[in-house]
Amino acid sequence: MSITSQAEPLAKIRSKQMMELLASGKRIDGRDLLAQREITLERGIIEKAEGSASVTLGNTRVLVGVKIEAGEPYPDTPNQGVLTVNAEFVPLAHEFFEPGPPNENSIELARIVDRGIRESKAVDLEKLVLTPGRLVYVVFVDIYILNHDGNLVDASEYAALAALQQAKLPKVEVGEDGEVKRTGEFEKLPVVDTPISVTVAEIDGKLLVDPNLEEENMAQAKVTMTLTKDNKLCAVQKSGAGTFAFNQILECFKIAREKSSEIRRKFFEE
Amino acid sequence: MAVLVEKRQLVTPGEPLAEGDFIAGENSYQSEGKIYSQKLGLAEIDGKKISVVPLKGPYMPAVGDLVVGQVVDVSMGGWHVDINAPYTAILPISEVKGKPFGPRLEALTRIFGIGEILVSKVIAFDRTRDPVITIQGPGLGKVRDGVVVGLTPTKVPRLIGRKGSMISMIKRESGCEIVVGQNGRIYISGRNPEKVELVIRAVRMVEEQAHTTGLTDRIKAFLEAGKEVKTDEKQP
Amino acid sequence: MKSSRKLIDENGLRVDGRRWDELRPVKMEVGLLANANGSSYIQQGKNKIMVAVYGPKEAHPKHLGNPDRAIIRCRFHMAPFSTEERKSPAPSRREVELSKIIREALEPAVFSEYYPRSMIDVFIEVLESDGGSRCAGTMAASLALADAGIPLRDLVAACAVGKVEGQIVLDLNDVEDKEGEADMPVAVIPALGRISLLQMDGQFTEEEFAEALELAQKGCRSLYEIQKQALKQRYLPEKEALEAEEKGGK
């Protein structure tokens with residue numbers, strides 16, 4: 001059951017300061033409304049994972065590991081590999097993260113990232129079939145939040161994409177008895193698009209790109225838009241108990257298109 | 001500047017009621033120069049004040065309301081009483097007349113145990129704290145026998161009737177003692193169990209047939225005949 | 001994934017005979033569950049969804065209560081028999097996500113500040129599912145809230161728009177949802193003129209996105225009228241009886 005979330009209350013003077021700054025087009029951490037925090041990206045950190053990447057977005061820090069195994073295809077897509085995205089809000093990332101099964105926030109996060117990758121067809125799943133209808137590659141994308149300072153979605157999305165781009169696909173031999181053996185050789189995981197998400201929060205009629213945690217607590221709503229390399233929208237999620245005006249949503253698209261191209265150029269084009 | 005609805009018009013939440021220089025009364029709100037309804041109900045226009053009389057809704061305690069409640073818990077300060085509202089009411093020890101005693105739980109449950117039915121009055125409530133009730137006053141206090149039946153709170157005025165016409169008629173015809181709690185809890189007691197049963201059925205008729213016309217007459221006929229008279233069975 | 005079936009025929013008609021901008025037949029009712037404070041039922045395409053609202057009531061456990069407003073608990077749940085293959089009754093990840101986004105679509109419409117420390121429960125049960133069940137569920141939930149007499153800024157109207165064979169279409173059914181190229185559920189709060197639910201999967205160009213958003217607004221406007229009718233139909237007799245009684249008393 002989904003229950004009204006209770007944001008950490010901001011000190012009154014802090015929210016007042018935030019509003020005053022916003023009125024003059026500035027943010028509490030000195031950024032412009034449309035500026036992202038600094039992004040750092042590191043690929044291939046976990047040797048035992050087929051792919052991995054770590055992203056920092058200001059103080060937000062996310063690690064993604066990709067594991068690839070042989071397994072059964074979904075019955076409705078017998079000739080495609082399987083992609084699954086899971087997110088763990090690890091207790092070390094924030095004092096309010098509790099150990100336990102995934103809650104609605106981590107499920108939502110994983111599903112937004114999943115949607116962006118799936119709908120952009122970034123991973124060519126048709127190339128991941130071993131025995132049609134029987135055996136395919138299963139690509140597990142596990143998102144690990146290490147430090148939470150807002151906008152977990154974008155940090156996770158960038159890390160997931162980087163880890164997939166870097167992932168090696170283990171070559172296997174399938175024996176007569178159906179036994180799967182790794183040959184020890186690898187090829188590249190076929191990643192053919194670069195979906196980039198951009199999250200915009202609304203506070204008091206103003207649109208803010210890449211909200212930090214304080215801003216997220218202040219914002220009633222945010223929206224994540226993911227764009228393909230051809231600037232097509234492939235995933236949207238409005239999140240939070242607030243609303244957007246129609247023209248704001250169209251504005252968000254324009255912001256997302258511009259920001260996603262920048263990030264793609266800087267980090268994801270080979 | 002215009003009123004957009006007729007007086008007593010049935011309106012739904014979000015329906016614009018007036019545009020321009022008006023005041024949002026009960027169950028309506030103002031946004032960008034317009035007054036909108038918050039509830040399903042009937043529009044009321046009183047000069048510049050536009051409000052809505054709800055047809056459905058939770059009971060919200062108001063100071064002075066007569067309420068019928070049930071004791072659900074006991075703590076050091078007094079009794080917790082379910083009054084069919086979003087908040088449990090508190091009956092403080094100080095509001096129980098002539099009972100000087102130390103705040104010992106054991107002693108409190110001996111006065112009113114859990115499950116006890118109380119006829120009480122709301123003496124304080126402001127939504128930030130639980131409502132406070134009293135049993136000091138004529139007709140208030142613990143009841144010893146009888147039954148309590150529920151009625152949708154917004155239908156309570158229907159059971160009371162115009163200037164009390166319906167409820168006095170029911171009392172007269174049945175000879176029962178009836179306490180109509182504003183909270184939609186009706187206490188009924190009488191010597192004759194059959195009469196009590198008739199009153200219960202009459203309250204149920206109000207609940208189920210609040211949307212029909214001639215309800216008072218029908219209930220009167222029902223109580224007189226000792227059975228329900230359907231409209232179509234009436235003598236020509 | 002895509003079948004060879006044509007989703008739009010040479011006359012521009014969709015698999016169920018609708019034009020691109022046509023809604024499925026829809027039926028809405030309120031006030032049908034005796035125990036609930038408010039309830040509703042919606043039938044849209046094959047969707048059959050029942051909603052019950054309980055509350056506002058004391059928050060349980062008490063520490064859940066918020067000193068400033070009522071909290072809303074929302075559960076979107078699909079019956080095991082609502083889908084082609086039996087669905088496990090345990091909540092799926094999809095249901096967890098939808099419970100959250102539907103709650104967030106409803107919350108901005110509710111004057112929850114009127115009932116601090118209390119709790120409002122919204123239970124959405126999909127008895128049979130078709131395309132657009134989250135939108136139908138959202139609409140029905142707002143009707144059940146209104147039926148419970150909970151103060152609202154407005155009802156919440158919702159519909160999905162999508163792309164089928166390159167064409168932007170309104171109110172996707174199951175097949176169009178599964179085989180089409182894009183699906184975008186949208187909910188609006190008409191009195192505020194704002195969007196309270198927005199999701200999208202598939203692919204849209206900027207022009208298609210703008211067009212789809214426009215079409216969604218149009219769809220929501222039509223559905224909103226049906227929502228209002230459902231409430232009025234149920235409560236008009238009560239209003240008339242009240243008036244007759246008053247006249248009789250004079």
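A few points about this structure:
- DSSP-defined beta bridges in the protein assembly as shown - what % are antiparallel, rounded to 5: 90 percent
- Accessible carbon and sulfur surface of region C:184-245 relative to its total accessible area, %, 1.4 Å: 50 percent
- Nearest 10 degrees, 0 to 90: helix A:12-23 Cα axis against chain A principal axis: 90 degrees
- Cross-link partners of C:Lys163 among lysines (Cα-Cα below 18 Å; sequence separation of 8 or more within a chain): A:Lys121, A:Lys232, C:Lys2, C:Lys6, C:Lys178, C:Lys218
- Loop GluC sites (Glu not before Pro), region A:36-116, which have at most 10 other Cβ atoms in a 10 Å radius of their Cβ (DSSP): A:Glu38, A:Glu47, A:Glu95
- For region B:2-54, the solvent-accessible area of protein heavy atoms averages 42 Å² per residue (probe radius 1.4 Å; ligands and nucleic acids excluded).
- Proximal aspartates and glutamates to B:Lys195, defined as alpha-carbon separation beneath 14 angstrom and excluding residues fewer than eight positions away on the same chain: B:Glu173, B:Glu177, B:Glu224, B:Glu228
- Gaussian network model of chain A, springs between alpha carbon atoms under 10 Å - residue of A:Ala221, A:Ala159, A:Ala167 with greatest fluctuation: A:Ala221
- Each of the trypsin sites (Lys or Arg not before Pro) that DSSP puts in a loop and that has at most 16 other Cβ atoms within 10 Å breaks chain B; the longest unbroken stretch is B:49-96.
- The local environment of A:Glu20, defined by Cβ-Cβ distances under 15 Å, has a net charge of +2 under the rule Lys, Arg +1 and Asp, Glu -1.
- Estimated [θ] at 222 nm from DSSP helical runs (n ≥ 4, -39500 (n - 2.57)) normalised by residues in the protein assembly as shown, nearest 500: -8500 deg cm²/dmol
- Residues of type lysines that B:Lys7 reaches as a straight line, Cα spacing below 19 Å, ignoring anything fewer than 8 places off in the same chain: B:Lys34, B:Lys39, B:Lys48, B:Lys49, B:Lys56, C:Lys228, C:Lys232, C:Lys239, C:Lys247, C:Lys250
- Net lengthening on full extension, A:Leu250/A:Lys188 (0.36 nm per residue, minus Cα-Cα): 18.6 nm
- Label-point gap, in nm, between A:Ser24 and A:Glu72 - each point 7 angstrom along Cα→Cβ: 6.4 nm
- Values of log10 I(q)/I(0) for region C:1-122 across q = 0.12, 0.19 Å⁻¹ run -0.65, -1.19, by the Debye formula with one identical scatterer at each alpha carbon and no solvent.
- Computed across region C:162-250, the Kirkwood radius stands at 15.6 Å (inverse of mean 1/r, all Cα pairs).
- List B:Met1, B:Met76, ordered by accessible area with a 1.4 Å probe, largest first: B:Met1, B:Met76
- In chain B, the portion of solvent-accessible area held by carbon and sulfur atoms comes to 49 percent [1.4 Å probe, whole percent, DNA, RNA and ligands not counted].
- In this assembly, the B-C interface accounts for approximately 3300 Å² of buried accessible surface in total, computed with a 1.4 Å probe and without ligands, DNA or RNA.
- Accessible surface buried by the C/A pair amounts to about 3900 Å², both sides summed, 1.4 Å probe.
- Probing with 1.4 Å while keeping every protein chain in the model, the per residue accessible area of chain A equals 45 Å².
- Tensor-based shape of region B:105-147 (alpha-carbon gyration tensor, a/c under 1.5 rounded, otherwise prolate or oblate): oblate
- Note on A:Arg265 and B:Ser189: the model spin-label points, each 7 Å out from Cα along the C-beta direction, lie 8.4 nm apart.
- Between C:Glu10 and A:Leu130, the C-beta separation translates, for a Förster distance of 45 Å, into a calculated FRET efficiency of about 0.65.
The values are calculated or read from the model by the stated rules, or taken from the named source; none is laboratory data. Just so you know, these numbers come straight off a predicted model, no measurement behind them. All Cβ positions, even for glycine, are placed from backbone atoms using ideal geometry, and neighbour counts span all protein chains on display. We work out accessible area using only protein heavy atoms, side chains counted, and drop any ligands, DNA or RNA first. Shrake-Rupley method; radii C 1.70, N 1.55, O 1.52, S 1.80 Å.
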